[in-house]
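Chemist: Below is the structure I would like to discuss, written out as structure tokens.
The values are calculated or read from the model by the stated rules, or taken from the named source; none is laboratory data. Every value quoted in this text rests on a predicted model; they were computed, and no experiment measured them. Using ideal geometry, Cβ is built from the backbone for each residue, glycine included, and neighbour counts are taken over all protein chains shown.
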């Protein structure tokens, strides 16, 4: 009896430890599932807020672009997708061609600098061009004279995209990085945002169009689809 008691006690201890481990693991799983549920709810709320914000700004009457004194206050939350307008002259500077993948296939966004009446510079996304038209558009002269640009204010996209970094030294761009493009072109007093231009003489004739079924397929994409359809 003396030897059996320690064995029974050890077995009981092991059973208790195993039960405790199972309970702890179950609590961890429950905590993870609760955290995921909260994240999904918060993410849905964020998406709905984004869609509502984009919807309101896209269809609002155009307003003037933020003046230089307000540039530090320009953020994605406060300003992106605002419907804006600005007048100026396109500079005779080679536009930046930013790699893009769209419903039309691979190609480039063409960003060109616009000098406004007060001397500031705003980069304007004049539209999408297919890969085989790259040099034809890049080497063409900009629209002459005073131009009025209307479009959506967009926030700079620093660094790069598609898991690749921008390479200013060879003029290779994977994101619409306003600061880097401006520095590569030797531009000064450049707004920290760019404008996705509407249709007009200042916009190249190639435009991105998404099919309606794609826009309805995922709520996460609705905001961007609305912008793409608006701009096309």
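Chemist: The conditions are (1) free of Cβ contacts under 8 Å to residues at least 60 places away in the same chain; (2) surrounded by 15 or more Cβ atoms within 10 Å (Cβ to Cβ), and residue 70 fails exactly one of them. Which is it?
Modeler: Every condition holds for residue 70 apart from (2).
Chemist: Right, something else. Given the condition touching a helix residue (DSSP H, G or I) at 6+ places or on another chain (Cβ under 8 Å), crowded, with 18+ Cβ neighbours inside 10 Å and under 17 Å from residue 197 (Cβ atoms), answer yes or no: does some residue in region 132-141 qualify?
Modeler: Among the residues of region 132-141, not one is touching a helix residue (DSSP H, G or I) at 6+ places or on another chain (Cβ under 8 Å), crowded, with 18+ Cβ neighbours inside 10 Å and under 17 Å from residue 197 (Cβ atoms), which makes the answer no.
Chemist: Something else about it: So for region 104-120 (the condition being surrounded by 15 or more Cβ atoms within 10 Å (Cβ to Cβ) and at pLDDT below 90), does at least one residue qualify?
Modeler: Scanning region 104-120 turns up at least one residue that is surrounded by 15 or more Cβ atoms within 10 Å (Cβ to Cβ) and at pLDDT below 90.
Chemist: Continuing with the same structure: Just one of (1) touching a residue at least 60 places away in the same chain (Cβ under 8 Å); (2) surrounded by fewer than 17 Cβ atoms within 10 Å (Cβ to Cβ); (3) more than 13 Å from the chain's Cα centre (by Cα) trips up residue 162, so point out which.
Modeler: That leaves (3) as the condition not met.
Chemist: Same structure again: Within region 176-192, is there a residue that is in a strand (DSSP E or B) and modelled with pLDDT under 95?
Modeler: no
Chemist: Within region 51-80, track down each residue that is modelled with pLDDT under 90 and part of a helix (DSSP H, G or I).
Modeler: 51, 52, 53, 54, 55, 56, 57, 58
Chemist: Given 135, 221, 157, 198, which one is at pLDDT below 95 and more than 18 Å from residue 102 (Cβ to Cβ)? Outline the logic, then answer.
Modeler: Numbers: 221 fails: more than 18 Å from residue 102 (Cβ to Cβ); 157 fails: more than 18 Å from residue 102 (Cβ to Cβ); 198 fails: more than 18 Å from residue 102 (Cβ to Cβ).
The conditions single out 135.
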